[in-house]
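Dropping a structure here in C-alpha cells format, bear with me for questions.
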Amino acid sequence: RCALEGLRLNASPPPQPRQSSGWTNGLALLSLVLSGLLWIFGLVDSLQRPSVGNSLELRQQELTALAAPALPAGLRQALTGAQPLEALRLDLQKQVDEDPVPPAAQQQLQLALLERQAGQGAAARQRLGELNQQVPPEQRLLLRALMEPASGADPAELELATLEPLLKGWGLSPLSRQLICQALGGPLAACENRPAQQAAVLRLLGTTMVPVLLLLLGSALLLRELWLRWRGKAAPQAPLVGPPLTLAEVTLLIAGGFVVLGELVMPLLLAPLLQGLLKPLASQPALQQGLLVLGLYSGLMAAPLVLLWSQLRPHAPRPQGGWLQWHWRPLASGLRRAFVQVLLVLPLVALVGWVLERLVGDPGGSNPLLELVLNSANPLALLCFAFTALVLAPLFEETLFRGVLLPVLAQRWGGLAAVVVSALFFGIAHLSLGELPPLFVLGLGLGWLRLQSGRLGPSVLMHSLWNGLTFANLLLLAG
C-alpha cells in the first residue's frame, strides 16, 4: 500500500541549489539539441541493422540437433522435440528465404545436407551446384564429392577422420561434419562425434534449463518482494547522496560529454588511428576487431569522465564515501544485493521481450557486439569483448546514469521520477529501438537498487552480472 512512499523524502536535497553560469547553460542547451538529433537518427537507423535473434535461434536449433542422440530417452522429447533436424531445416530455410543478405557458404551447405536428409534430393543437388559456383576452388572438392559420391570408397569404413582432406577450409560445425559423413554413405555410428554430442548436452542444459530455473526463482522473489511492500514490511531505503551538480551541468555531462564527444567525435578521431595501429593483425581479424572495440569504448569513456572530474574537482569537502558513493565494502552484501536484483528483474525483462515480439516481431537493431562474440573463436578477442562488456561498460554507464544523473534528479524531482528518467536515458543511449523496452526495464532495476542501497557499487555489480549472463549464453551457443 505504501510501497512508493518516502522516495522523495529519502532523496536528500542540497543545502542551497546552485545556479549554472550563462555559458554552461548555453553549452548544455546546444549539447541537448545535438544529442537529441544524434539519438533520434541512431534509433531510426537501428531498424536497418540486422538482428542477432535469427543467428541465436539457429545456433540453438543446431545445438539441440547435435545433442539429441546423446540425451536420455526420457529427456529427449522434452528438450529437443520429435524431429530436431527437421526443425533446424525449416528455420534455416526461412532465414535463407527472408534475409536480404546472401547466407554464408556454411549455412547453404548445411541446408543442402538437411534437405537431403529430408528426402529432397533434387533441391539439395541444385543448391550444391549453385554453391559450387561461389566458393574457392579448394572448397569445391567437398561439393563434387557430395554431388558425385566416389564409387571406390567403402561406406562401411567411411568415418569423420577420413574426411579431413575434403573438409579443409570450410570451418564446419560438428553437426555439419556428421551430416557430410552420412551423405557420403558412412554408417551413423562411425559418423557421430560422441564427445561433441556429450558436450552439446551440457551446453543445451545451460541455455535452456538454467534460464528457466532462474526465471522461476526470480518470479518467486518478485512475488515475495511485492507482498512485503504491500504489507509495509519492506526494508527501509538508505540515504541518497549525490554530486552537487546543477541540471545544466548534468545535461552538459550526458549530452555533451557522453553523446556528442563520446559517441560522435571520439570514434571519428580514434577509428582511423586504431585501424592503422592494428593493421599488422590483419591475418587475425577477430583479434583485430576485439582490440578495436576495446580501444573505441575506452575512447568513448575518456571525454565524459574527464568532464565529470573537472566538474567535481572544485567542490569540497567531499562526503564520506565520495560524491559517487561507490561503497564497495562489504563486498559480500553488494554481491548478494546485485544477484537478488538480477533475479527480480529477469522475469520482467523476459515478459517485456515476449510481449514486444508478439506485438511487432523482431524489429532488428541488435547490439553488434553480440554478433561479434557469437562468431568469434579467438580467445584473445573474446577476452577483449568480455573486458569491455563485463568491466568497462558497467563501471562507465553506472557512473553516469546511476552515479550522477539519478541522485541529481532525485534531489529535485524525487526518487521515483529519477529512477524512471535515468532508466529511459540508459535505454536510449544504447541506440537500439528494438532493445529499448527491455533495456528500460533493466535500467529501472539498476536505478531501484541504487536508490534502495544508497550505494553505486551494487548497481555496477548487477550490471556486470547481467552482461555476464548474456555473454555466457553466447559462448555456450557459439561452442
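The values are calculated or read from the model by the stated rules, or taken from the named source; none is laboratory data. The shown structure was predicted, so the numbers you read here are calculated from the model rather than taken from an experiment. Note that each Cβ is placed from the backbone with ideal geometry, even for glycine, and that neighbours are counted across all protein chains shown. SASA here: full protein model, heavy atoms, side chains in, ligands and nucleic acids out. Shrake-Rupley method; radii C 1.70, N 1.55, O 1.52, S 1.80 Å.
This table checks each residue for (1) among the β-branched types (Val, Ile, Thr); (2) under 17 Å from LEU66 (Cβ atoms); (3) open to solvent by 60 Å² or more (accessible area, probe 1.4 Å).
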residue: GLN95; (1), (2), (3): no, no, no
residue: GLN106; (1), (2), (3): no, yes, yes
residue: LEU113; (1), (2), (3): no, yes, no
residue: ASN132; (1), (2), (3): no, no, no
residue: LEU172; (1), (2), (3): no, yes, no
residue: LEU175; (1), (2), (3): no, yes, no
residue: LEU179; (1), (2), (3): no, yes, no
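Filter region 232-243 down to residues that are touching a Leu at 6+ places or on another chain (Cβ under 8 Å) and not small (Gly, Ala, Ser) and give me whichever is farthest from VAL33 (Cα to Cα).
It comes out as GLN237.
Tell me yes or no: at least one residue of region 283-304 is of a type in the set (Phe, Trp, Tyr) and either closer than 24 Å to LEU374 by Cα or open to solvent by 40 Å² or more (accessible area, probe 1.4 Å) (or both).
Scanning region 283-304, I find at least one residue that is of a type in the set (Phe, Trp, Tyr) and either closer than 24 Å to LEU374 by Cα or open to solvent by 40 Å² or more (accessible area, probe 1.4 Å) (or both), so the answer is yes.
Another one. Would you pick out the residues in region 81-106 that are free of Cβ contacts under 8 Å to residues at least 24 places away in the same chain and touching a helix residue (DSSP H, G or I) at 6+ places or on another chain (Cβ under 7 Å)?
If the condition is that a residue be free of Cβ contacts under 8 Å to residues at least 24 places away in the same chain and touching a helix residue (DSSP H, G or I) at 6+ places or on another chain (Cβ under 7 Å), then GLY81, PRO84, GLN93, VAL96, PRO103 are the ones that fit.
Tell me which residues, restricted to region 443-455, are within 22 Å of the chain's Cα centre (by Cα) and either within 12 Å of GLY334 (Cβ to Cβ) or open to solvent by less than 10 Å² (accessible area, probe 1.4 Å) (or both).
Hits for region 443-455 are GLY443, GLY445, LEU446, GLY447, LEU449.
If you check LEU406, LEU439, LEU449, which single one turns out to be at negative phi, at pLDDT 95 or above and in contact with a His (Cβ under 9 Å, 6 or more places away or on another chain)?
None of the others qualify; the one that does is LEU439.
Can you pull out every residue in region 425-462 that is of a type in the set (Phe, Trp, Tyr) and farther than 17 Å from GLU225 by Cα?
The answer is PHE425, PHE426, PHE440.
Contact list please: Cβ distance under 6 Å, first residue in region 108-122 and farther than 18 Å from VAL135 by Cβ, second residue open to solvent by 10 Å² or more (accessible area, probe 1.4 Å) and not in a helix (DSSP H, G or I), pairs at least six apart or on different chains.
Close Cβ pairs (under 6 Å, with a partner that is open to solvent by 10 Å² or more (accessible area, probe 1.4 Å) and not in a helix (DSSP H, G or I)) do not exist here.
Continuing with this model, one more query. What is the one condition in (1) in contact with a Gly (Cβ under 8 Å, 6 or more places away or on another chain); (2) farther than 13 Å from ALA65 by Cβ that ALA87 does not satisfy?
(2)
Any residue at all in region 298-314 that is under 19 Å from ALA381 (Cβ atoms), among the small types (Gly, Ala, Ser) and in a helix (DSSP H, G or I)?
Yes, some residue in region 298-314 is under 19 Å from ALA381 (Cβ atoms), among the small types (Gly, Ala, Ser) and in a helix (DSSP H, G or I).
In contact (Cβ under 8 Å) with a residue 24 or more places away in the chain and in contact with a Phe, Trp or Tyr (Cβ under 9 Å, 6 or more places away or on another chain): which single residue out of VAL293, VAL265, VAL260 fits that description?
VAL293
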